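**Q** Let me give you the structure first, and then I'll get to my questions.
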Amino acid sequence: MSQYSQFIPLKSVPQGRLAIWLLIAGEFVIFGGLIICYLLYRMRYPEWAEQTKHTNTFLGALNMLVLLTGSYTGVRAHAAALNKQLNKIVLWMSISIICGFLFLINKSLEYAHEISNGLTFNSQKLQDAGDSVGSLFWSFYYIMTGLHATHVIVGIIVFTVILNQARKGKNLHRVELGVMYWHMVDIIWIFLFPLLYIAK
Amino acid sequence: MEPSTSTHAHHPPQSFLSKYVFSSDHKVVGIQYTLTGLAMAAVGGFLAYVFRYNLAYPGSPIPLFGELSAQQYNEFVTCHGLIMVLWVAMPVIISGLGNLLIPIQIGTDDMAFPTLNMMSYWVFLLSCIILLASFFVPGGSAAGGWTMYPPLSANAYHNTNPDFWTALFSGNSLVIIALALEFVSMLMGGINFIVTTINKRAPGMTPMRVPVVVWMLNIASVMFMFAVGPVFAGAVLLLLDNVIGTGFYDPARGGDPILFEHLFWFFGHPEVYVLLLPSLGVIAEIISVFSRKPIFAYKTIIYLSLVSAVLSVMVWAHHQFVSGIDPRMATFFSVGTIIISIPFAGIFLSYMATLWGGSIRFTVPMLWAIGFIGVFLIGGLTGLFLGSNTFDIYVHGTYFVIAHFHYTLFPIVFLGFFAAFYFWFPKFTGKTLNVTLGKLHFWLTFFSFNGTFFVLFFNGLAGQHRRINDYTLFPSIMQEPYITFQKVATISAIILILSQFIFLFNFIYSLIKGKKAVNNPWNSSTLEWQTDSPPPHGNFHTYPVVYHGAYDYSMPEMKEVDFVPQNLPLEKKTI
């Protein structure tokens with residue numbers, strides 16, 4: 001059986017975790033493609049600086065704080081799952097879900113403000129002002145943050161499903177998988193926030 | 001926390017619906033993928049027949065179709081390309097082969113995530129339906145070429161139809177949505193393949209004992225995951241340009257159509273290698289078994305394909321030599337393209353060396369495998385011409401490119417698939433195919449394929465462009481040898497399509513009336529042949545332990561047989 005000893009199982013990586021890592025890699029390539037496109041256009045059009053003035057840095061930073069809080073409570077939920085403390089899992093994951101909703105509320109306030117100011121992907125206001133490339137910035141802004149917000153919605157759904165199972169003591173290992181996904185959504189925001197809000 | 005292999009938790013499903021339709025068994029999913037892909041190939045083949053006939057006999061009504069308008073010509077060439085690459089090659093070569101082979105060749109019961117596997121098939125089927133539906137909307141399906149370059153694919157429709165719903169249900173938008181769904185399905189499949197291969201190998205199945213085809217499928221899945229993101233983003237941007245009127249690809253509003261070319265080819269070029277690698281893996285299996293020799297330089301083949309995977313994402317702009325690319329940049333991509341032929345030359349050399357001195361058996365799968373090597377060689381060599389930017393500028397978009405492309409993709413998708421089909425059919429159906437019909441199918445396909453595309457090299461060099469439906473309007477380019485060449489190509493293409501009915505007949509006849517297959521008809525040592533034909537639910541009665549590599553044929557320590565199954569130890573000479 002000397003051949004048998006050559007078998008090296010990857011027992012340290014359970015298959016659920018491995019799959020989530022691969023999913024995260026795939027997501028990063030999608031957002032990476034968008035971010036690279038945005039950066040190329042940003043370098044081509046210095047006049048976009050006019051448009052970036054209208055993004056609300058305070059609300060963006062608040063959203064960052066909200067998402068990071070959700071990540072933190074997610075980690076606490078994971079720690080509780082390792083110790084099989086069901087009450088604490090419910091508590092911490094609920095806070096994460098609330099953070100997700102807060103993020104979305106914030107985001108929709110921002111969108112409402114910008115759209116009411118006529119800053120859309122096809123802005124007539126900018127056209128009239130003689131700015132033919134300005135609405136492209138808003139196109140990128142809406143697609144990038146919109147795709148990210150879609151991921152936050154998915155994160156809320158995932159957390160709700162996992163919470164519902166963990167409440168009954170089932171599939172506790174999925175808490176970790178959900179939190180990994182949440183961290184990814186978080187990290188993407190860490191890239192989007194400076195690109196769209198800080199770099200004026 | 002969770003079991004790495006569940007060997008006894010499964011009960012075979014009972015009812016017809018859960019057994020054959022909504023099944024999460026990897027074999028059923030693989031067969032579903034393969035059959036769907038072949039059905040789509042029938043659609044793509046019919047489109048090819050229609051516009052091929054139109055090219056040889058412009059203006060005359062086409063049997064089984066009627067008159068072909070110029071708009072329909074554009075639509076048909078576009079959809080032929082899209083269907084054949086994304087809805088035939090991907091499901092048949094990646095998903096079909098991967099689902100059928102990976103779990104059973106690494107000695108486990110099923111995929112790591114069987115439900116995800118089933119979902120990936122249903123998402124794929126949905127994308128097929130959306131694609132086919134695009135033919136029946138007002139305005140017809142996408143007609144901007146299979147690469148979907150804007151502005152032909154983006155603003156043309158939007159400008160005349162600013163209404164959101166009309167734009168959403170236009171052919172262009174539906175094709176883009178179908179494309180996105182297909183990518184999602186393939187990503188789910190790819191994650192499944194990689195996790196299965198890493199986590200569920202049988203005891204003793206070390207990485208360097210895994211069959212080449214499993215390696216290749218995994219490398220292809222990683223490449224696909226890496227390359228597909230940008231084009232996914234690009235497709236979403238294109239959809240928004242179409243539907244809500246953003247200007248990502250519209251120069252008047254600051255966008256840039258070249259951006260889409262980059263995003264598309266960053267995926268599109270690796271895609272060719274995503275398809276090529278699994279096909280090469282199939283050929284490796286077959287050549288080794290029917291030469292009764294270990295595959296030459298197994299590890300080198302694996303390393304070379306890893307090298308080609310890395311190189312493949314650095315050469316995409318060789319598709320854009322006429323898109324106003326800086327010549328210094330063009331040289332970089334030209335050199336990269338020529339370098340990428342080195343790993344594949346190495347892999348082909350290994351296959352030749354495997355044949356060298358082997359006791360070759362010309363069974364039907366072996367014929368397809370040898371045919372693959374011969375045909376792909378011409379495709380690869382003409383690829384070197386096209387990779388050089390100085391030459392490419394002259395033949396870009398001509399029939400030379402068409403011929404080259406089909407000389408690479410036809411062997412990858414069809415010769416590779418048929419080799420796999422004739423090789424593994426007895427295993428997965430338990431029936432034997434008719435050998436005479438198989439050989440007839442091979443020779444007819446082989447000759448008529450070469451008849452179709454070899455002549456087109458000359459038409460391309462004479463300057464004929466692929467997107468022109470009626471060359472009678474350009475008599476100076478359409479002169480005598482080339483008129484005949486077009487007809488030769490068309491008649492050969494019709495024979496090519498007709499000879500597939502032999503395959504269809506053989507398939508159905510053998511399924512019903514074929515002789516019962518033995519468990520290991522080819523005396524192969526890999527694990528899938530060491531179980532029943534067809535394999536039971538869960539694949540193995542007792543789970544195998546692997547003792548040696550996948551290709552240990554005719555080893556010196558073997559006394560009376562020339563192979564030992566992977567789940568039995570090699571006899572030691574000294575003991």
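The values are calculated or read from the model by the stated rules, or taken from the named source; none is laboratory data. Quantities reported herein were computed from a predicted structural model and do not represent experimental measurements. Quick reminder, even Gly has a Cβ in these numbers, built from the backbone with ideal geometry, and neighbours come from all protein chains shown.
**Q** Looking at the range B:459-466, can you tell me whether even one residue there is assigned to a strand (DSSP E or B), touching a strand residue (DSSP E or B) at 6+ places or on another chain (Cβ under 7 Å) and either surrounded by 18 or more Cβ atoms within 10 Å (Cβ to Cβ) or touching a residue at least 24 places away in the same chain (Cβ under 8 Å) (or both)?
**A** Scanning the range B:459-466 turns up at least one residue that is assigned to a strand (DSSP E or B), touching a strand residue (DSSP E or B) at 6+ places or on another chain (Cβ under 7 Å) and either surrounded by 18 or more Cβ atoms within 10 Å (Cβ to Cβ) or touching a residue at least 24 places away in the same chain (Cβ under 8 Å) (or both).
**Q** Hey, another quick one. Just one of B:LYS439, B:LYS427 is touching an Asp or Glu at 6+ places or on another chain (Cβ under 7 Å) and under 30 Å from B:THR531 (Cα atoms); which is it?
**A** B:LYS427
**Q** Considering only residues that are buried (at least 19 other Cβ atoms within 10 Å of the Cβ) and farther than 30 Å from B:PRO535 by Cβ, which ones fall in the range B:491-523?
**A** B:SER492, B:ALA493, B:LEU496, B:SER499
**Q** Okay, moving on. Look through B:PRO278, B:PRO257 and report the one residue that is of a type outside the set (Phe, Trp, Tyr) and under 22 Å from the mean Cα position of the chain (by Cα).
**A** Answer to the check: B:PRO278.
**Q** With at pLDDT below 90, out of contact with any Pro (no Cβ under 6 Å at 6 or more places or on another chain), surrounded by fewer than 23 Cβ atoms within 10 Å (Cβ to Cβ) and over 20 Å from B:ILE94 (Cβ atoms) as the only criterion, which of B:GLY145, B:GLY171 stands out?
**A** Unique residue meeting the criteria: B:GLY145.
**Q** Hey, could you check the range A:37-61 for residues that are at the interface with chain B (Cβ under 8 Å from one of its Cβ atoms) and assigned to a helix (DSSP H, G or I) and say which is surrounded by the fewest Cβ atoms within 10 Å (Cβ to Cβ)?
**A** Selected residue: A:LEU40.
**Q** Please identify the pairs in which a residue from the range B:9-27 that is under 17 Å from B:THR429 (Cα atoms) has its Cβ atom under 6 Å from the Cβ atom of a residue that is among the acidic types (Asp, Glu) and modelled with pLDDT of 75 or more, counting only partners at least 6 apart or on another chain.
**A** Once the first residue is under 17 Å from B:THR429 (Cα atoms) and sits in the range B:9-27, its partners that are among the acidic types (Asp, Glu) and modelled with pLDDT of 75 or more give B:HIS26/B:ASP110.
**Q** Take the conditions in a helix (DSSP H, G or I), within 14 Å of chain B (Cβ to nearest Cβ) and of a type outside the set (Phe, Trp, Tyr) and apply them to A:GLY74. Does it pass?
**A** Spelling it out, it is not the case that A:GLY74 is in a helix (DSSP H, G or I), within 14 Å of chain B (Cβ to nearest Cβ) and of a type outside the set (Phe, Trp, Tyr).
**Q** Next question. Considering each of B:PRO151, B:PRO211, B:PRO138 in turn, give the residue that is in contact with a Ser or Thr (Cβ under 6 Å, 6 or more places away or on another chain), of a type outside the set (Phe, Trp, Tyr), away from chain A (no Cβ under 14 Å) and on the phi < 0 side of the Ramachandran plot.
**A** After applying the criteria, what remains is B:PRO211.
**Q** Next question, about the same structure. With hydroxyl-bearing (Ser, Thr, Tyr) and in contact with a strand residue (DSSP E or B) (Cβ under 7 Å, 6 or more places away or on another chain) as the only criterion, which of B:SER476, B:SER510, B:SER448 stands out?
**A** Result of the check over B:SER476, B:SER510, B:SER448: B:SER510.
**Q** Shifting gears a bit: Identify, by number, the condition in (1) more than 21 Å from the chain's Cα centre (by Cα); (2) crowded, with 22+ Cβ neighbours inside 10 Å that B:GLU182 doesn't meet.
**A** Status for B:GLU182: all satisfied but (1).
**Q** Please work out if B:ALA517 is closer than 28 Å to B:SER291 by Cα and within 14 Å of chain A (Cβ to nearest Cβ).
**A** No.
**Q** Is it the case, given these coordinates, that B:ASN192 is surrounded by fewer than 24 Cβ atoms within 10 Å (Cβ to Cβ), within 30 Å of A:LEU22 (Cβ to Cβ) and within 10 Å of chain A (Cβ to nearest Cβ)?
**A** no
**Q** Just to verify a result, which residue in the range A:124-162, among those that are among the hydroxyl-bearing types (Ser, Thr, Tyr) and within 14 Å of A:TYR111 (Cβ to Cβ), is nearest to the other protein chains (Cβ to nearest Cβ)?
**A** A:SER139
**Q** Follow-up. Do the conditions hold for A:LEU192, that is, is it aliphatic (A, V, I, L, M), within 14 Å of the chain's Cα centre (by Cα), under 27 Å from A:LEU40 (Cα atoms) and buried (at least 21 other Cβ atoms within 10 Å of the Cβ)?
**A** yes
**Q** Can you pull out every residue in the range B:491-543 that is touching a Gly at 6+ places or on another chain (Cβ under 9 Å), among the hydroxyl-bearing types (Ser, Thr, Tyr) and part of a loop (DSSP other than H, G, I, E, B)?
**A** B:SER525, B:SER533, B:TYR543
**Q** It is to be established whether one or more residues within the range B:276-289 are of a type in the set (A, V, I, L, M, F, W, C), more than 21 Å from B:ILE194 (Cα to Cα) and touching a Lys or Arg at 6+ places or on another chain (Cβ under 8 Å).
**A** No, the range B:276-289 contains no residue that is of a type in the set (A, V, I, L, M, F, W, C), more than 21 Å from B:ILE194 (Cα to Cα) and touching a Lys or Arg at 6+ places or on another chain (Cβ under 8 Å).
**Q** Is it true that some residue in the range B:391-407 is in a helix (DSSP H, G or I) and of a type in the set (S, T, N, Q)?
**A** Checked against the condition, which is being in a helix (DSSP H, G or I) and of a type in the set (S, T, N, Q), the range B:391-407 yields no hits at all.
**Q** Do you know which of the residues in the range B:226-250 that are touching a Ser or Thr at 6+ places or on another chain (Cβ under 7 Å) and at the interface with chain A (Cβ under 7 Å from one of its Cβ atoms) is farthest from A:LEU126 (Cα to Cα)?
**A** Checked the range B:226-250; the qualifying residue farthest from A:LEU126 (Cα to Cα) is B:LEU240.
**Q** Related question: Mind checking which residues of the range B:326-368 are polar (S, T, N, Q), part of a helix (DSSP H, G or I) and surrounded by fewer than 18 Cβ atoms within 10 Å (Cβ to Cβ)?
**A** Correct list: B:THR331, B:SER341.
**Q** Quick check on A:SER116: is it within 18 Å of A:GLU50 (Cα to Cα), within 14 Å of another protein chain (Cβ to nearest Cβ) and of a type in the set (Ser, Thr, Tyr)?
**A** Judged against the criteria, A:SER116 is not a match.
**Q** Considering (1) surrounded by fewer than 20 Cβ atoms within 10 Å (Cβ to Cβ); (2) under 30 Å from B:LEU511 (Cα atoms), say which one B:GLN71 fails and leave the rest.
**A** Every condition holds for B:GLN71 apart from (2).
Each row is one residue, and each column tells you yes or no for (1) within 14 Å of chain B (Cβ to nearest Cβ); (2) at pLDDT 95 or above; (3) touching a Leu at 6+ places or on another chain (Cβ under 6 Å).
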residue	(1), (2), (3)
A:GLY16	yes, no, yes
A:ILE20	yes, no, yes
A:LEU34	yes, no, no
A:HIS78	yes, no, no
A:LYS84	yes, no, no
A:SER96	no, yes, no
A:PHE101	no, yes, no
A:GLU110	no, no, yes
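**Q** Sticking with this structure for a sec: Taking the range B:259-289 as the region of interest, how many residues are under 22 Å from B:PHE226 (Cβ atoms) and either out of contact with any Pro (no Cβ under 8 Å at 6 or more places or on another chain) or within 14 Å of chain A (Cβ to nearest Cβ) (or both)?
**A** The qualifying residues number 21.
**Q** Looking only at the range A:1-14, count every residue that is at the interface with chain B (Cβ under 7 Å from one of its Cβ atoms) and either farther than 30 Å from A:ASN171 by Cα or at pLDDT 55 or above (or both) and tell me the total.
**A** 4
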